[in-house]
Amino acid sequence: MTPTNPTSSPSRPTTALVTGANKGIGYEIAAGLGALGWSVGVGARDDARREAAVRRLRDAGYDAFGVPLDVTDDDSVAATAALLEERGGLDVLVNNAGITGGMPQLPSEVTVEQLRTVLDVNVFGVVRTMQAFLPQLRRSAHPRVVVMSSGVGSLTRQAATTDPLATGPVSGAYSPSKTYLNAVTLQFVKELAERGEQRILVNLACPGFVATDLNNFAGVRSPQEGAQVAIRLATLPDDGPTGGYFEDAGPIPW
């Protein structure tokens with residue numbers, strides 16, 4: 001997969017939106033895309049953290065702007081789409097926002113409310129943003145969508161081993177949410193293919209076991225390392241793959 005650095009039009013740089021970008025992997029994805037000369041929207045709910053992230057990116061010389069975005073709120077997502085429309089449209093969407101829902105999550109004990117909360121961010125939030133931005137992506141010269149999933153969503157891996165390094169801990173909400181996310185993303189890919197819109201490249205990415213506050217910084221990879229797979233997929237050439245599920249080492253079995 002050879003990276004490219006597309007520009008949507010002569011009048012503006014390529015514009016990307018990264019959800020959950022005020023810290024961790026999302027911030028490093030935004031920084032990596034900003035380093036390409038792109039204009040990067042930092043999507044986040046928390047005003048103070050979002051603006052602090054934007055300041056850091058701008059201080060580093062990147063073209064960054066804040067986007068007050070709550071992926072669980074229909075009105076917030078619609079307002080974000082309107083904001084990007086006013087700026088000239090979107091070229092690359094990186095669905096990074098996600099939560100674990102808290103651990104432990106034994107399936108015999110996880111509550112329906114806990115499961116609903118995780119799904120609202122990890123799955124329904126992606127559906128909301130995809131639906132809101134597809135009209136703008138259709139107008140882009142080089143549209144890309146990256147969906148941050150996880151290898152723990154692989155049913156093949158879950159069925160093959162109990163090694164938590166491969167499957168994560170036993171989880172009644174988080175791991176299944178990533179499996180559901182993989183499945184619904186593939187349905188978007190199928191719909192785009194049926195509409196003859198395969199040029200909108202949509203791929204799933206696993207950052208690996210990254211040290212972030214989601215896992216109390218127990219991970220073995222840095223956020224910068226975790227961001228690399230998303231940056232590669234965001235910069236795919238026009239003949240790059242779509243409907244794939246990737247980690248740094250290559251495709252992940254479904």
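Taken together, the values in this text are just the output of simple stated rules run on the coordinates, not laboratory data. From a predicted model like this one, the values you see are computed outputs, not experimental measurements. We place every Cβ from the backbone using ideal geometry, glycine too, and count neighbours over all the protein chains shown.
Using the average count of surrounding beta-carbon atoms within 10 Å as a protection proxy, the listed peptides 38-51, 235-248 rank, highest first, as 38-51, 235-248. Annotation for segment 53-152: GluC sites (Glu not before Pro) lying in DSSP loop with at most 10 further Cβ atoms inside 10 Å of their Cβ are Glu109.
Angle of helix 223-234 to the longest C-alpha principal axis of the chain, folded into 0 to 90 degrees and rounded to 10: 60°. Axis of helix 125-139 versus longest Cα principal axis of the chain: the two differ by about 30°, to the nearest ten degrees. In the chain, a dipole from Cβ-located charges (positive for Lys and Arg, negative for Asp and Glu) runs towards its positive end, and of Gly172, Pro251, Gly43 it is Pro251 whose Cα lies farthest in that direction.
About the Cα centre of segment 132-254, how large is the charge dipole given +1 on each Lys and Arg Cβ and -1 on each Asp and Glu Cβ? Please answer in debye to the nearest 20. Mind showing how you got there, number by number?
Details: 10 positive and 10 negative charges, 56 e Å.
Dipole of segment 132-254, to the nearest 20 debye: 260 debye.
Basic side chains Lys and Arg get +1 at the Cβ, acidic Asp and Glu get -1 at the Cβ, and with that the dipole of segment 16-168 about its Cα centre reaches some 400 debye.
With Cβ to Cβ distances under 9 Å as the rule, what net charge do the other residues near Trp38 carry (K, R +1; D, E -1)? Value of the local net charge: -2. For Tyr180, neighbours were defined as the other residues whose beta-carbon sits under 14 Å from its Cβ, and their charges (Lys and Arg +1, Asp and Glu -1) total +1.
Helix-derived [θ] at 222 nm for the chain: sum -39500 (n - 2.57) over DSSP H runs of at least 4, divide by residue count, nearest 500? Intermediate values should be presented prior to the final figure.
Working: 9 runs with 103 residues, N = 254.
Mean residue ellipticity, 222 nm, calculated: -12500 deg cm²/dmol.
Determine the percent antiparallel among the DSSP beta bridges restricted to the chain, to the nearest 5. Intermediate results must be reported in sequence, preceding the final value.
Values: 3 of 30 bridges.
Expressed as a percentage, antiparallel bridges in the chain total about 10.
Relative to the longest principal axis of the Cα atoms of the chain, the long axis of helix 24-34 lies at roughly 20 degrees.
Compute the orientation-averaged projected area for segment 126-254 from the convex hull of its Cα atoms and round it to one decimal in nm². Mind dumping the intermediate values first?
On the way: hull surface 33.0 nm².
Dividing the Cα hull surface by four gives the mean projection, 8.2 nm².
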